[in-house]
Amino acid sequence: MRITFAASEGVPFSKTGGLADVVGALPKALAAAGHEVEVLLPRYRMTKPGAPLPNCRSVTLPLGNGFHFASLQDGGVADGVHTYLVDCPEFFDRDELYTEKGQDYPDNHLRFAAFSLACLEFMKRSANPPEIIHCHDWQAALVPIYLRNLYTGDPFFADTSVVFTIHNLGYQGLFPPHILPAVGLHAGLFTIDGLEFYGKVNLLKGGILFSDFVTTVSHKYAEEIQTPEFGCGLEGVLQTRASRLEGIVNGVDYDAWDPATDKLIAANYSPQDLKGKEVCKKALLEKMGVTRPVLTRPVIGIVSRFATQKGFDLIAGVAEQLMAMDLYIVALGTGEPQYEELFRSLTAKYPQKFRVKVAYDNTLAHQIEAGADMFLMPSRYEPCGLNQIYSMKYGTVPVARATGGLDDTIEPFNGRTGTGFKFADYQPEALLGVIHQAVNFYRQPKVWRVLMLNGMQKDFSWPSSAKQYIKVYEAALKTPAKMKTAAPASNS
């Protein structure tokens, strides 16, 4: 199959979260399985420029009150995957990908409309059309919306199917209705069976409606998002698409995340020889500023967006009780100002027990995975999560809420079998209780070693997940042509 990915971020070119990891890894697994795969990404300020493509130096994008222009750059070929960069400096030459100082860029609708239109136009300059366009999250949702509206009847895309992956339903691309003409769409799409969502335009809803198949990133999350608790108002839409909704657990790129070969950590180690784990623990604590670290004390690691979704309100609720325990907490991330300030204040008050770095730092993320004993993910909801999977490989025991992909991937430890610890009730006391449970097991070194090895021996590599995506692609290709011209009926 010829498969084209359209996404707003992907490693090693750009990243804010797990979406980038998936877009960096899944295409490689598909290429290894014999498919022709290319990836289209915006070129942000953080992205190293690619080589100009002679036949793609300019495409005109009629958006807003005038014309805008984009070019395509060659990002290179790696592991059989060809990456192309959509270069449009007026929209993407900025400090951040989506926000600035915690606020969305006000022209995000135009930015990702430009990206989506450019993707489709650049595809048309290829000798052969893609059989599958695989789009990700609301930033690429305009690709299927445009394809099934503006490009209806275009013979180039007559046999092209669209698969749309929801990485996090909480981010939907909501805009006032007046943006429709600005992004080149007819006001007639602003209906309950189209893009209308409680008086606003919902681009994610459009991606769900106008794609041939919808996937999300774990089995449990696919079930959860069809309920009022987790559906974020789109549960009715997703219920109407249930026969074409699949949950596929994200894989992990073990080429990048394996303590036996990781070049970013202080010492390598494996299930056969765990000595390097303690070296990594000591190095992490010292790097984070802990003087005379006590290596018998457990280290809890956090690498995350600092957001309410990630359960940091629970941590705030038991912070003082946690600091009364004999443990360290090491945190890395950026996000909502209230949690950045919470973690900074805990570091100031307990400098020898709580350490935070408010930043994106891939090297430190690896070092926390290797140097921590436990990894904390108390999420309110978690579509898949990757860090709990990384953690298991590094012998770092996940402590998490039983939701979404966390529930799918972590098996509760009973003293012999299992890979981590989970709690169900979204309450600070439940979080504190499961941390006490984990610490009690940590005080039993022989039992803890069994738990570490259980996790390290799990295999969440991408080939298995890629096979499931291939089945979805094959089903999408069988979609009758008449079903590719309009959205199905829905409920907002």
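Side notes on the structure shown:
- Residues considered: GLU90, GLU121, GLU96. Of these, the only one that is surrounded by fewer than 20 Cβ atoms within 10 Å (Cβ to Cβ), touching a His at 6+ places or on another chain (Cβ under 8 Å) and under 26 Å from GLN172 (Cβ atoms) is GLU90.
- Of all residues making up segment 327-383, the number that are of a type in the set (Gly, Ala, Ser), within 17 Å of the chain's Cα centre (by Cα) and over 24 Å from MET452 (Cβ atoms): 2
- Residues satisfying the stated conditions in segment 305-325, i.e. within 27 Å of LYS282 (Cα to Cα), assigned to a loop (DSSP other than H, G, I, E, B) and at pLDDT 95 or above: ALA324, MET325
- Here LEU238 clears all of (1) assigned by TED's automatic domain parsing to the domain that holds GLN468; (2) part of a loop (DSSP other than H, G, I, E, B); (3) hydrophobic (A, V, I, L, M, F, W, C) except the condition numbered (2).
- Filtered residues of segment 457-471 (kept if in contact with a helix residue (DSSP H, G or I) (Cβ under 6 Å, 6 or more places away or on another chain), under 20 Å from CYS135 (Cα atoms) and buried (at least 19 other Cβ atoms within 10 Å of the Cβ)): TRP462, ALA466
- Matching option when the condition is over 17 Å from the mean Cα position of the chain (by Cα), buried (at least 24 other Cβ atoms within 10 Å of the Cβ) and not hydroxyl-bearing (Ser, Thr, Tyr), among ILE208, ILE225, ILE192, ILE166: ILE208
- Helices (runs of 4 or more DSSP H) contained in segment 92-185 and holding at least 2 residues among the β-branched types (Val, Ile, Thr), in the same structural domain as LYS48 (by TED's automatic domain parsing) and in contact (Cβ under 8 Å) with a residue 12 or more places away in the chain: 142-147
- You will find that of ASP253, ASP212, the residue that is modelled with pLDDT under 95 and more than 17 Å from ASN108 (Cα to Cα) is ASP253 and no other.
- Total residues in segment 40-74 satisfying the condition of being over 29 Å from the mean Cα position of the chain (by Cα) and either crowded, with 17+ Cβ neighbours inside 10 Å or assigned to a loop (DSSP other than H, G, I, E, B) (or both): the figure is 8.
- All positions within segment 267-308 that are surrounded by fewer than 20 Cβ atoms within 10 Å (Cβ to Cβ) and aliphatic (A, V, I, L, M): ALA267, LEU274, VAL279, ALA283, VAL294, LEU295, ALA307
- Taking (1) free of Cβ contacts under 8 Å to residues at least 60 places away in the same chain; (2) under 30 Å from ALA359 (Cα atoms); (3) crowded, with 19+ Cβ neighbours inside 10 Å; (4) not acidic (Asp, Glu) in turn, VAL37 satisfies each apart from (2).
- Tally, over segment 200-234, of residues that are part of a helix (DSSP H, G or I) and touching a Pro at 6+ places or on another chain (Cβ under 6 Å): 3
- Residues satisfying the stated conditions in segment 1-18, i.e. surrounded by fewer than 24 Cβ atoms within 10 Å (Cβ to Cβ) and within 23 Å of LYS467 (Cα to Cα): MET1, ARG2, ILE3, VAL11, GLY18
- GLU336 vs. criteria free of Cβ contacts under 8 Å to residues at least 40 places away in the same chain and surrounded by fewer than 18 Cβ atoms within 10 Å (Cβ to Cβ): no
- Residues that are basic (Lys, Arg) and without any contact (Cβ under 8 Å) to a residue 12 or more places away in the chain, drawn from segment 422-448: ARG443, LYS446
- Output for segment 408-430, where each listed residue is polar (S, T, N, Q) and either closer than 13 Å to LEU314 by Cβ or surrounded by fewer than 17 Cβ atoms within 10 Å (Cβ to Cβ) (or both): ASN414, THR417, GLN427
The values are calculated or read from the model by the stated rules, or taken from the named source; none is laboratory data. Just so it is clear, the model here is predicted, and its values are computed rather than measured. All Cβ positions, glycine included, derive from the backbone under ideal geometry; neighbour counts span all protein chains shown.
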